[in-house]
1. Let me test this: with uniform point scatterers at the alpha carbons of the range 99-206, what is the Debye-based log₁₀ I(q)/I(0) at q = 0.09 1/Å?
2. If the only charges are +1 at each Lys and Arg Cβ and -1 at each Asp and Glu Cβ, what is the size of the charge dipole of the chain around the Cα centre, to the nearest 20 debye?
3. Could you pull out the pairs from K35/K284; K159/K261; K19/K232; K225/K261; K19/K225 whose alpha carbons sit more than 27 Å apart here?
4. Take the alpha carbon atoms of the range 236-294, find their center, do the same for the range 11-83, and report the distance between the two centers in whole angstrom.
5. Taking the alpha-carbon centroid of each part, what is the distance from the range 131-156 to the range 165-216 in angstrom?
6. Bins of 10 Å, beginning at zero and ending with the bin holding the largest distance: percent of Cα pairs per bin for the range 184-297, please.
7. Hey, could you pull the Cα Rg and Dmax for the range 196-249, both in Å?
8. Once you keep just the Cα pairs under 8 angstrom separated by 6 or more residues, what percentage relative contact order results for the chain?
Amino acid sequence: MGVHPSAEQATSTENTVMKVRGGTIDVALPADPIKGSSKDLLRWIQDAANAVTAYYGHFPVPHLTLEVRSRNGSGVGHGVTYPRGLIRITVGKDVTVDELKDDWTLTHEMTHLAFPNMPEEQHWIEEGLATYVEPVARAQVGQLPITEVWGQFIRDMPKGEPRDGDAGLDHTPTWGRTYWGGAMFCLLADVKIRERTHNRKGLQDALRAILDQGGNIAEDLEITKAFAIGDKATGTSVLGDLYRQMSDKPSPVDLPELWDKLGLSLNGGQVVFNDQAVDAGIRKTITSPRGDGHGRD
């Protein structure tokens, strides 16, 4: 669940090559026996790659090395993404097919591949993008119910709000501000771009443009230059404006107002949609395949 600058020597494992649109993945599976079969693990990897590929139009890097390591217990464990095309992730020896199907961690890590490598001050955009794009991308390809995307955002976005004594996103490297403050920036950008383009463009278009102009994890690019590429692709100044607004000062967000505009509420822990809300169409388009506007809640 992080981006690291270097990597140590890999250990020997069972290897296979997976082809994806725009690249290949060299997969190293655990040599130790685990409950999940190699077929189950490869399907899990393929699903994560498919979600990221669909969101960005192609796989973010031409070549990825993916090392899957086993540990005691169940479920999917910690993942780390390195700038030179390596992801390491652990799975429990007792991992089940359902746990692999429900996993978000590998999609999160693969999303890191699709944005330039940032200095420590902008680590929030790396983690914020992965936190925001992961559930949206999975919903777009039918891997995650849309109610779960918005339910998670409603429950967890408040963790990104500035607290007493916090500064802007560039100067408050707490967990909440890094992951959910960054995700809140991305959601705001997505909504504002769509408002200004009458829902014809969104954050997805900006991120695709950044990636297509060489802005993957292997490249170091100043955040303002990356955002300028994204803004040009959408014909707006949203990313640059939001960065200037949120990077150096706290800039709290009126989330209840945002949910109301998008037609979102919680009732007994369940998401309720209001399709008459002013930005209900934007809400639907965000989780629609390719942003085509034909998604359903």
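Every read-out reported here was derived from the displayed coordinates using simple, explicitly stated rules and does not represent laboratory data. For clarity, every value in this text was computed on a predicted model and none was experimentally measured. A quick note on method: Cβ atoms are made from the backbone with ideal geometry, for glycine too, and the neighbour counts reach across all protein chains shown.
1. Each listed q corresponds, in turn, to -0.23.
2. 700
3. Pairs exceeding the cut-off: K35/K284; K19/K232; K225/K261; K19/K225.
4. 32
5. With the range 131-156 and the range 165-216 each reduced to a Cα centre, they are spaced 16 Å.
6. The calculated distribution, bin by bin, is 14, 40, 32, 13, 1.
7. 11.3, 34
8. Computed over the chain, the figure is 16 percent.
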